[in-house]
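The values are calculated or read from the model by the stated rules, or taken from the named source; none is laboratory data. Given the structure is predicted, the values throughout are model-derived calculations rather than measurements. Because the Cβ atoms are built from the backbone with ideal geometry, glycine has one as well, and the counts that use them run over all protein chains shown. Accessible surface areas use protein heavy atoms only, side chains included; no ligands, DNA or RNA. Shrake-Rupley method; radii C 1.70, N 1.55, O 1.52, S 1.80 Å.
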Amino acid sequence: MDKRSGNEMWGGRFASGPDAIMEAINASIDFDKRLYEEDIAGSLAHAEMLAGVGILSGDDAAKIRQGLETIRRDIAEGRFEFRRDREDIHMNVEARLAELIGPAAGRLHTARSRNDQVAVDFRMHVRAAFRDLDRALLALIEALLDRAEEHAATVMPGFTHLQAAQPVTFGHHCLAYVEMVARDRSRVADALARLDECPLGAAALAGTGFPIDRHRTAAALGFSGPTRNSLDSVSDRDFALDFLATASICATHLSRLAEEIVIWSTPQFDFVRLSDSFSTGSSIMPQKKNPDAAELVRAKTGRINGSLVSLLTVMKGLPLSYSKDMQEDKEQVFDAIDNLALALAAITGMVRDMGVNAQKMRAAAGAGFSTATDLADFLVREAGLPFREAHHVTGRVVALAEERRVALEALPLDALKAVDERITDAVYSVLSVDASVASRTSFGGTAPDNVRAQVAFWRERLAS
């Protein structure tokens, strides 16, 4: 290695450049080159501000602007040579700028540090990732609303403990995930509001003696204003933790849906059929159609959760202000950004493409005496029994149906009256799965009209 070139950024402090091990552990260019757009945008805003307050001449500012635009083009078109001996995206851009425009490049770093430079670059990158995430979440909500509207009256079993509990509709089930994903969107909005401050100008940790205009750079970079404490400005990674926390909760929601898709697509359930686009076959068993996309979504949750724990662990023991440990923040976030985007795209595609076996869902909805609660409610409503007594009577009816191996609605009236003479033939109007779901009209309940109303509510909310 050319030790002289490896020592460019340090000036006269060190007599020799780092050896290969130090270069390998210290360099971040292999991953932080992903920040090139933000790094160049930050430098353009900084140069414009320096010229505006008279720290930088107009001629130097013009050269810097032209050089940075050339570098941006070269990176975008794959012509830029990233060098590990220049450590990171900041020094790679600055060194190339010096090659292009000469001494004027050295004036760009006036009144800033790599500490506030990386803080603003990373913050802008996470801001863009949040906005992309919000669009992907919206697409998933729209897919779920389409299926909910289509299947507002499609009866399926609702489960507790993965045991059939009470009938619900598939539309209602889809709307449960709409609620989850909508909360994910609210977390995105909250996090975007928190990160809406610009750390550029905090310099290394203490601010600067130059008469800079931090409000100007904040506005140029799309922030509502500058951060208010220079120490916190360069050491804050809450915005990255916010992204990872939001991503972890979101991925958990996706994993729950993925798990249900895996279960529903088994021959034993046969509730849904995945399209070929989101399935794979077996290398040995020709009959197999595996829900690999859903399984991989489920698995990626552990990876994303691990990124959150990793960054929390990095940050937990750091004194103010900046420490090199914080270089370990980006790979975790970048990985989570990419994998959550992929998981969301896969889940959204599966929801849109899956075939729904309404007949099999309906048959399963009536299994396991799922309308027993409707019988208990009938006894409370029509016969005036206290619910606990009605619960006991219903339990005896269920035991009788189980003994005879028939559904509740298949028990003859005389058998029901033998359990409790207050049962009338009106009970048959509540024992079917259709009657059961139709009766659940309380706000938030599974009745088909409720489902349609909630679909309309969400469509109106999204439109506004």
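Scan region 306-329 for residues that are in contact with a helix residue (DSSP H, G or I) (Cβ under 6 Å, 6 or more places away or on another chain) and of a type in the set (S, T, N, Q) and jot them down.
SER307, SER310, SER321
All but one of (1) touching a Pro at 6+ places or on another chain (Cβ under 7 Å); (2) among the basic types (Lys, Arg); (3) not in a helix (DSSP H, G or I) hold for ARG112; which doesn't?
With (1) touching a Pro at 6+ places or on another chain (Cβ under 7 Å); (2) among the basic types (Lys, Arg); (3) not in a helix (DSSP H, G or I) applied to ARG112, the lone miss is (1).
Give VAL351, VAL406, VAL398, VAL437 a once-over and let me know the one that is assigned to a helix (DSSP H, G or I) and farther than 23 Å from ASN450 by Cα. Spell out the reasoning first.
On the way: VAL351 fails: farther than 23 Å from ASN450 by Cα; VAL406 fails: assigned to a helix (DSSP H, G or I); VAL437 fails: farther than 23 Å from ASN450 by Cα.
The unique qualifying residue is VAL398.
Quickly run through region 30-79 and pick out the residues that are part of a loop (DSSP other than H, G, I, E, B) and not polar (S, T, N, Q). Full working, then the answer.
First, the residues of region 30-79 that are part of a loop (DSSP other than H, G, I, E, B): 53-57, 77-79.
Listed by number, the residues that qualify are VAL53, GLY54, ILE55, LEU56, GLU77, GLY78, ARG79.
Suppose we filter region 379-393 for residues that are modelled with pLDDT of 85 or more and not in a loop (DSSP other than H, G, I, E, B); how many remain?
So the count comes out to 10.
For the condition of a type in the set (A, V, I, L, M, F, W, C) and free of Cβ contacts under 8 Å to residues at least 24 places away in the same chain, what is the one hit in ALA415, ALA426?
Being of a type in the set (A, V, I, L, M, F, W, C) and free of Cβ contacts under 8 Å to residues at least 24 places away in the same chain holds for just one of ALA415, ALA426, which is ALA415.
Output the residue which, of all residues in region 438-456 that are over 15 Å from ALA152 (Cβ atoms) and among the hydroxyl-bearing types (Ser, Thr, Tyr), is most open to solvent (accessible area, probe 1.4 Å).
Taking the candidates together, the pick is SER442.
For residues that are within 15 Å of PHE243 (Cβ to Cβ) and touching a residue at least 40 places away in the same chain (Cβ under 8 Å), scanning just region 291-308, find the one that is surrounded by the fewest Cβ atoms within 10 Å (Cβ to Cβ). Walk me through it before giving the result.
Step one: of region 291-308, the residues within 15 Å of PHE243 (Cβ to Cβ) are 303-308.
After this cut, where a residue has to be touching a residue at least 40 places away in the same chain (Cβ under 8 Å) as well, the list is 304-305, 307-308.
Values: ILE304: 24, ASN305: 19, SER307: 25, LEU308: 22.
Among those residues, the one meeting the criterion is ASN305.
What are the residues in region 240-251 that are over 8 Å from the mean Cα position of the chain (by Cα) and either of a type in the set (Asp, Glu) or open to solvent by 10 Å² or more (accessible area, probe 1.4 Å) (or both), if any?
Hits for region 240-251 are LEU241, ASP242, ALA245.
Kindly provide the set of residues from region 406-437 that are within 26 Å of GLU149 (Cα to Cα) and surrounded by 20 or more Cβ atoms within 10 Å (Cβ to Cβ), ordered by number.
Within region 406-437, VAL430, LEU431, VAL433, SER436, VAL437 meet the criteria.
What is the residue count in region 401-426 for residues that are touching an Asp or Glu at 6+ places or on another chain (Cβ under 8 Å) and of a type in the set (Val, Ile, Thr)?
1
Sort out which residues of region 112-150 are among the β-branched types (Val, Ile, Thr) and closer than 18 Å to GLU331 by Cα, and write them in order of number.
VAL118, VAL120, VAL126
Any idea which residue in region 116-156 is farthest from GLY42 (Cα to Cα), counting only those that are surrounded by fewer than 24 Cβ atoms within 10 Å (Cβ to Cβ) and of a type in the set (Lys, Arg)?
The residue in question is ARG147.
I'd like the residue in region 192-201 that is assigned to a loop (DSSP other than H, G, I, E, B) and in contact with a strand residue (DSSP E or B) (Cβ under 8 Å, 6 or more places away or on another chain) and, out of all such residues, is most open to solvent (accessible area, probe 1.4 Å).
GLU197
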